[in-house]
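> Have a look at the structure that comes next, please.
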Amino acid sequence: MAKGIETFIERGLFASRWLLAPMYIGLSVSLFLLIYIFMQELAHFFSDLGNLDANDIILGVLSLIDLSLAANLVLIVIFSGYENFVSKMNTGDHEDHPEWSGSVDFSALKLKLVASIVAISGIHLLKVFMEVDKIPESQIKWMLIIHMVFVVSGVLLATMDRIASSTKYLKGK
């Protein structure tokens, strides 16, 4: 009887992974929100095109890149998270199936997430530097500190993963 209870609990726990599926569906819906904001930025950008100087154009392009990176990040989290924690995606041999899909484990996902956050933060900093005369010095200081925290966190996370993987390799020998 104890074995039957254990099997029932384990099957229930294993099936509970499907509770994550609505979250990945929600993230898919959030891509539409990013598209909406992207289109607003693009429309705003083109409506003011005649009044923009080189810095304004660069800032506009950086805003579009920023939104694109955020959307790419969401897509990576959806694909990798779903495949790592819920179920393998059965897309067959579809020609557009990303090469990295199915090969990004949780460790690689964390590194991609941190790298994307650092890139997005860097773009925000670049936008700030382009308008440095309009932004209070204290705000710039805090943005630099926060960016450096992201960078240091990324380096530490990568270092920890490298140490962990080399430890696994050494134990396997």
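> Evaluate the following for Tyr169: is it among the hydroxyl-bearing types (Ser, Thr, Tyr), surrounded by fewer than 16 Cβ atoms within 10 Å (Cβ to Cβ) and modelled with pLDDT under 90?
So Tyr169 fits the description; yes.
> Any residue at all in the stretch 146-161 that's more than 24 Å from Ala21 (Cβ to Cβ), modelled with pLDDT under 85 and assigned to a helix (DSSP H, G or I)?
Yes: the stretch 146-161 contains one or more residues that are more than 24 Å from Ala21 (Cβ to Cβ), modelled with pLDDT under 85 and assigned to a helix (DSSP H, G or I).
> Under the condition of being aliphatic (A, V, I, L, M) and assigned to a helix (DSSP H, G or I), which residue from the stretch 43-61 is nearest to the chain's Cα centre (by Cα)?
Taking the stretch 43-61 as the starting set, the residues that turn out to be aliphatic (A, V, I, L, M) are 43, 49, 52, 54, 57-59, 61.
With assigned to a helix (DSSP H, G or I) added as a condition, the list becomes 43, 49, 54, 57-59, 61.
On the way: Ala43: 25, Leu49: 30, Ala54: 29, Ile57: 26, Ile58: 23, Leu59: 22, Val61: 20 Å.
Checked the stretch 43-61; the qualifying residue nearest to the chain's Cα centre (by Cα) is Val61.
> Scan Leu69, Leu64 and give me the residue that is closer than 20 Å to Leu113 by Cα, modelled with pLDDT of 90 or more and either in a helix (DSSP H, G or I) or touching a strand residue (DSSP E or B) at 6+ places or on another chain (Cβ under 8 Å) (or both).
Of Leu69, Leu64, the one residue that is closer than 20 Å to Leu113 by Cα, modelled with pLDDT of 90 or more and either in a helix (DSSP H, G or I) or touching a strand residue (DSSP E or B) at 6+ places or on another chain (Cβ under 8 Å) (or both) is Leu64.
> Next up: Under 6 Å by Cβ, and 6 or more places apart or on different chains, what pairs join a residue from the stretch 22-42 that is without any contact (Cβ under 8 Å) to a residue 40 or more places away in the chain and part of a helix (DSSP H, G or I) with one that is hydroxyl-bearing (Ser, Thr, Tyr) and surrounded by 14 or more Cβ atoms within 10 Å (Cβ to Cβ)?
Glu41/Ser63
Each row is one residue, and each column tells you yes or no for (1) under 30 Å from Ala164 (Cβ atoms); (2) at pLDDT 85 or above.
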| position | (1), (2) |
| --- | --- |
| Asp93 | no, no |
| His97 | yes, no |
| Asp105 | yes, no |
| Lys112 | yes, no |
| Glu131 | no, no |
| Ser138 | no, yes |
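The values are calculated or read from the model by the stated rules, or taken from the named source; none is laboratory data. Not measured: the values here are computed from a predicted model. So basically every Cβ, Gly included, is an ideal-geometry build from the backbone, and we count neighbours across all protein chains shown.
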